[in-house]
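Some notes on the structure that comes next.
All of the numbers you see were taken from the coordinates with simple rules; none came from a lab. No experiment lies behind these values; they were computed from the predicted model shown. So basically every Cβ, Gly included, is an ideal-geometry build from the backbone, and we count neighbours across all protein chains shown.
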Amino acid sequence: MNFTSFQVHRNRLKTGRPLFYFGKRVQTADSLFIPLSISIDHANTDPFVLDRLISSFQSYLCNNIH
């Protein structure tokens, strides 16, 4: 995956919020790649829900980007 940079935002207070980082988009002949890094606190985010979110997001992108 081609990220131009990567930072982890840490706060003094543990908020439990998920952090989403998008990398540089890469277009090939027939595909568009958008790197995504997600940092979650497993106590606040169910991995099953995260999987559904990623699947929905990927489906949205596949159906709406021309």
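Each residue of the stretch 19-25 was assigned a 3J(HN,Hα) from its phi angle through the Karplus expression (A = 6.51, B = -1.76, C = 1.60, θ = phi - 60°), giving 10, 10, 10, 9, x, 5, 5 Hz with x at Gly and Pro. Rounded to the nearest 0.05, the FRET efficiency derived from the C-beta distance between Ile54 and Asp30 at R0 = 30 Å is 0.90.
In order along the stretch 38-52, the Karplus-derived 3J(HN,Hα) couplings, from 6.51 cos²θ - 1.76 cosθ + 1.60 at θ = phi - 60°, round to 10, 10, 10, 9, 4, 6, 10, 10, 7, x, 4, 5, 4, 4, 5 Hz, and Gly and Pro are given as x. Check which residues have an amide H placed less than 5 Å from Leu36's amide H, if you skip close sequence neighbours. For Leu36, whose amide H was placed from the backbone, the distant partners under 5 Å are Gly23.
Sequence-ordered 3J(HN,Hα) estimates for the stretch 27-36 from the Karplus curve with 6.51, -1.76 and 1.60 and θ = phi - 60° stand at 9, 10, 4, 10, 9, 10, 10, 10, x, 9 Hz, glycine and proline given as x.
Applying a DSSP loop filter and a limit of 15 other Cβ atoms within 10 Å to the trypsin sites (Lys or Arg not before Pro) in the stretch 20-61 leaves Lys24, Arg25.
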